[in-house]
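Asker: Supplied in C-alpha coordinates, the structure appears directly below.
The values are calculated or read from the model by the stated rules, or taken from the named source; none is laboratory data. The structure displayed is predicted, hence computed values, not measured ones. Please note: Cβ atoms are built from the backbone with ideal geometry, for glycine as well, and neighbour counts cover all protein chains shown. In case anyone asks, the SASA skips ligands and DNA or RNA and just uses the protein heavy atoms, side chains included. Shrake-Rupley method; radii C 1.70, N 1.55, O 1.52, S 1.80 Å.
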Amino acid sequence: MLSIQSTEIQQTKVKDLMIHAEKVANVQSQNPLEHALLVLVKTGYSAVPVLDSDFHFEGVISKTMIIESILGIERIEVEKLSNLRVKSVMEKEFPTLNKEDGFMQGLKVVVDHPFVCVVDEDGYFDGILTRRAILKRLNQYLHENFYQNEQSQG
Ligand code: 2BA
(Lines give C-alpha, C1' and ligand atoms only; values in the text may rest on other atoms or scores of the structure.)
Protein backbone atom coordinates (compact mmCIF):
# COMPACT_ATOMS: atom_id res chain seq x y z
CA MET A 1 0.00 0.00 0.00
CA LEU A 2 1.11 3.58 -0.73
CA SER A 3 2.25 5.38 2.40
CA ILE A 4 3.02 9.10 2.44
CA GLN A 5 4.48 8.98 5.94
CA SER A 6 8.02 10.03 6.84
CA THR A 7 8.90 10.61 3.20
CA GLU A 8 10.75 13.37 1.45
CA ILE A 9 7.45 14.78 0.21
CA GLN A 10 6.52 15.58 3.81
CA GLN A 11 9.79 17.45 4.18
CA THR A 12 8.96 19.58 1.12
CA LYS A 13 7.92 23.05 2.25
CA VAL A 14 5.83 25.75 0.65
CA LYS A 15 9.01 27.81 0.17
CA ASP A 16 10.44 25.04 -2.07
CA LEU A 17 7.50 25.20 -4.48
CA MET A 18 6.20 28.79 -4.40
CA ILE A 19 6.47 31.43 -7.11
CA HIS A 20 8.27 34.38 -5.52
CA ALA A 21 6.53 37.74 -5.21
CA GLU A 22 8.64 39.49 -7.86
CA LYS A 23 7.36 37.05 -10.49
CA VAL A 24 3.70 37.26 -9.52
CA ALA A 25 1.33 39.64 -11.33
CA ASN A 26 -0.61 41.69 -8.77
CA VAL A 27 -2.78 44.76 -8.39
CA GLN A 28 -3.18 47.27 -5.58
CA SER A 29 -6.42 47.61 -3.64
CA GLN A 30 -6.66 51.34 -4.49
CA ASN A 31 -6.35 50.74 -8.25
CA PRO A 32 -9.44 51.38 -10.37
CA LEU A 33 -11.12 48.21 -11.68
CA GLU A 34 -10.10 49.21 -15.19
CA HIS A 35 -6.43 48.72 -14.28
CA ALA A 36 -7.11 45.31 -12.69
CA LEU A 37 -9.02 44.15 -15.77
CA LEU A 38 -6.12 45.24 -17.99
CA VAL A 39 -3.62 43.30 -15.84
CA LEU A 40 -5.83 40.18 -15.91
CA VAL A 41 -6.37 40.33 -19.67
CA LYS A 42 -2.72 41.11 -20.50
CA THR A 43 -1.27 38.38 -18.25
CA GLY A 44 -3.93 35.82 -19.19
CA TYR A 45 -4.60 34.84 -15.54
CA SER A 46 -8.15 34.39 -14.26
CA ALA A 47 -7.30 35.87 -10.85
CA VAL A 48 -4.37 37.64 -9.19
CA PRO A 49 -3.47 38.75 -5.63
CA VAL A 50 -4.41 42.21 -4.33
CA LEU A 51 -1.83 44.05 -2.21
CA ASP A 52 -1.73 47.37 -0.36
CA SER A 53 0.91 50.01 -1.10
CA ASP A 54 3.22 48.44 1.56
CA PHE A 55 3.02 44.98 -0.06
CA HIS A 56 0.65 43.47 2.50
CA PHE A 57 -1.74 40.82 1.15
CA GLU A 58 -5.36 42.04 1.06
CA GLY A 59 -7.33 39.63 -1.13
CA VAL A 60 -7.84 38.26 -4.63
CA ILE A 61 -9.52 39.74 -7.70
CA SER A 62 -10.77 37.78 -10.71
CA LYS A 63 -12.18 38.55 -14.13
CA THR A 64 -15.50 37.06 -13.01
CA MET A 65 -15.71 39.36 -9.95
CA ILE A 66 -15.06 42.39 -12.18
CA ILE A 67 -17.64 41.42 -14.80
CA GLU A 68 -20.25 40.71 -12.10
CA SER A 69 -19.62 44.11 -10.48
CA ILE A 70 -20.38 46.01 -13.69
CA LEU A 71 -23.42 43.98 -14.74
CA GLY A 72 -26.48 46.23 -14.80
CA ILE A 73 -30.07 45.07 -15.30
CA GLU A 74 -30.09 45.68 -19.02
CA ARG A 75 -26.48 46.37 -19.94
CA ILE A 76 -22.86 46.14 -18.88
CA GLU A 77 -22.09 49.44 -17.13
CA VAL A 78 -18.58 49.93 -18.49
CA GLU A 79 -18.23 53.39 -16.90
CA LYS A 80 -18.07 51.67 -13.49
CA LEU A 81 -14.65 50.32 -14.42
CA SER A 82 -13.07 53.71 -13.78
CA ASN A 83 -15.28 54.64 -10.80
CA LEU A 84 -14.98 51.47 -8.71
CA ARG A 85 -11.79 50.49 -6.86
CA VAL A 86 -10.37 46.97 -6.58
CA LYS A 87 -10.91 47.09 -2.78
CA SER A 88 -14.71 47.22 -3.15
CA VAL A 89 -14.90 44.20 -5.44
CA MET A 90 -12.10 41.81 -4.36
CA GLU A 91 -12.60 38.63 -2.29
CA LYS A 92 -11.13 39.18 1.18
CA GLU A 93 -11.87 35.78 2.72
CA PHE A 94 -9.07 33.84 1.14
CA PRO A 95 -6.85 31.27 2.87
CA THR A 96 -3.12 31.97 3.13
CA LEU A 97 -0.01 29.89 3.78
CA ASN A 98 3.34 30.61 5.39
CA LYS A 99 6.50 29.69 3.49
CA GLU A 100 7.51 27.32 6.32
CA ASP A 101 4.24 25.33 6.00
CA GLY A 102 4.55 21.78 4.69
CA PHE A 103 3.49 20.11 1.45
CA MET A 104 0.39 18.50 2.96
CA GLN A 105 -0.96 21.88 4.12
CA GLY A 106 -0.41 23.20 0.59
CA LEU A 107 -2.12 20.18 -0.96
CA LYS A 108 -5.15 20.64 1.28
CA VAL A 109 -5.76 24.28 0.29
CA VAL A 110 -5.25 23.91 -3.46
CA VAL A 111 -8.07 21.36 -3.58
CA ASP A 112 -10.46 24.34 -3.40
CA HIS A 113 -8.29 27.11 -4.87
CA PRO A 114 -6.16 27.26 -8.06
CA PHE A 115 -3.57 29.21 -6.07
CA VAL A 116 -2.99 30.38 -2.51
CA CYS A 117 -1.04 33.42 -1.35
CA VAL A 118 2.00 32.98 0.86
CA VAL A 119 2.39 35.66 3.55
CA ASP A 120 4.77 36.19 6.47
CA GLU A 121 3.89 36.77 10.15
CA ASP A 122 3.33 40.50 9.49
CA GLY A 123 1.04 39.92 6.52
CA TYR A 124 3.66 40.81 3.89
CA PHE A 125 3.17 39.09 0.55
CA ASP A 126 5.91 36.51 -0.19
CA GLY A 127 4.42 34.87 -3.31
CA ILE A 128 1.92 32.22 -4.37
CA LEU A 129 1.63 28.45 -4.26
CA THR A 130 -0.16 27.17 -7.37
CA ARG A 131 -2.13 23.99 -7.89
CA ARG A 132 0.28 23.23 -10.75
CA ALA A 133 3.35 23.29 -8.45
CA ILE A 134 1.65 20.97 -5.95
CA LEU A 135 0.48 18.52 -8.64
CA LYS A 136 3.92 18.55 -10.29
CA ARG A 137 5.61 17.62 -7.00
CA LEU A 138 3.00 14.94 -6.25
CA ASN A 139 3.40 13.48 -9.75
CA GLN A 140 7.20 13.34 -9.27
CA TYR A 141 6.74 11.63 -5.90
CA LEU A 142 4.29 9.04 -7.28
CA HIS A 143 6.59 8.21 -10.18
CA GLU A 144 9.65 7.85 -7.97
CA ASN A 145 7.99 5.85 -5.22
CA PHE A 146 4.97 4.07 -6.63
CA TYR A 147 5.10 3.51 -10.38
CA GLN A 148 8.74 2.37 -10.25
CA ASN A 149 7.89 -0.24 -7.57
CA GLU A 150 4.89 -1.37 -9.62
CA GLN A 151 7.11 -1.85 -12.70
CA SER A 152 9.76 -3.80 -10.78
CA GLN A 153 7.06 -6.06 -9.25
CA GLY A 154 5.33 -6.64 -12.57
P1 2BA B 1 -5.54 30.50 -14.08
O2 2BA B 1 -5.17 31.85 -14.61
O3 2BA B 1 -6.97 30.10 -14.17
O4 2BA B 1 -4.67 29.44 -14.83
C5 2BA B 1 -5.00 28.06 -14.78
C6 2BA B 1 -3.82 27.27 -15.27
O7 2BA B 1 -3.59 27.60 -16.65
C8 2BA B 1 -2.53 27.62 -14.56
O9 2BA B 1 -2.44 26.82 -13.41
C10 2BA B 1 -1.47 27.26 -15.59
O11 2BA B 1 -1.26 25.88 -15.63
C12 2BA B 1 -2.17 27.68 -16.89
N13 2BA B 1 -1.84 29.11 -17.21
C14 2BA B 1 -2.69 30.13 -17.19
N15 2BA B 1 -2.07 31.28 -17.57
C16 2BA B 1 -0.79 30.97 -17.82
C17 2BA B 1 0.37 31.73 -18.25
N18 2BA B 1 0.33 33.08 -18.52
N19 2BA B 1 1.55 31.08 -18.40
C20 2BA B 1 1.61 29.73 -18.14
N21 2BA B 1 0.55 28.97 -17.73
C22 2BA B 1 -0.63 29.57 -17.59
P23 2BA B 1 -1.45 27.17 -12.23
O24 2BA B 1 -0.08 27.40 -12.75
O25 2BA B 1 -1.63 26.11 -11.19
O26 2BA B 1 -1.96 28.56 -11.66
C27 2BA B 1 -3.11 28.64 -10.87
C28 2BA B 1 -3.59 30.05 -10.76
O29 2BA B 1 -2.59 30.83 -10.10
C30 2BA B 1 -3.82 30.73 -12.10
O31 2BA B 1 -5.12 30.39 -12.54
C32 2BA B 1 -3.66 32.20 -11.72
O33 2BA B 1 -4.86 32.72 -11.16
C34 2BA B 1 -2.59 32.17 -10.61
N35 2BA B 1 -1.23 32.43 -11.10
C36 2BA B 1 -0.33 31.53 -11.54
N37 2BA B 1 0.87 32.10 -11.84
C38 2BA B 1 0.72 33.42 -11.58
C39 2BA B 1 1.58 34.58 -11.70
N40 2BA B 1 2.87 34.49 -12.12
N41 2BA B 1 1.08 35.79 -11.36
C42 2BA B 1 -0.21 35.90 -10.91
N43 2BA B 1 -1.07 34.86 -10.77
C44 2BA B 1 -0.63 33.64 -11.11
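Asker: For the Cα atoms of the chain, what angle does the longest principal axis make with the long axis of helix 131-142, in degrees from 0 to 90, nearest 10?
Answerer: The two axes meet at around 10 degrees.
Asker: Compare the Cα positions of GLY106, ILE128, LEU81 along the charge dipole of region 8-153 (+1 at Cβ of Lys, Arg; -1 at Cβ of Asp, Glu; about the Cα centre) and return the one farthest towards the positive end.
Answerer: The residue sitting most towards the positive pole is LEU81.
Asker: With a probe of 1.4 Å, find how much accessible area region 1-146 has per residue, and write the answer as a whole number in Å².
Answerer: Accessible area per residue, region 1-146: 60 Å².
Asker: Sticking with this structure for a sec: With axes computed from alpha carbons, what is the tilt in degrees of helix 33-43 against the longest principal axis of the chain, rounded to the nearest 10 within 0 to 90?
Answerer: Roughly 40 degrees between the two axes.
Asker: Shape call for region 1-127 from the C-alpha gyration tensor, a ≥ b ≥ c root eigenvalues: rounded (a/c under 1.5), prolate (a/b greater than b/c) or oblate?
Answerer: It is prolate, given that a/c is not under 1.5 and a/b is the larger ratio.
Asker: Grab the DSSP H runs of the chain that are 4 residues or longer, score each as -39,500 (n - 2.57), total them, divide by all residues and round the 222 nm result to the nearest 500 deg cm²/dmol.
Answerer: Computed ellipticity for the chain at 222 nm equals -9000 deg cm²/dmol.
Asker: Expressed as a rounded percentage, what relative contact order does the chain have, with Cα pairs under 8 Å and six or more residues apart?
Answerer: It comes to 28 percent, rounded to a whole number.
Asker: Picking from SER69, VAL14, HIS56, whose Cα lies most toward the positive end of the charge dipole for the chain (charges on Cβ: Lys, Arg +1; Asp, Glu -1)?
Answerer: SER69
Asker: With a 1.4 Å probe and every protein chain kept in, tell me what percent of the accessible surface of the chain is carbon plus sulfur.
Answerer: Of the solvent-accessible surface of the chain, carbon and sulfur hold 50 percent.
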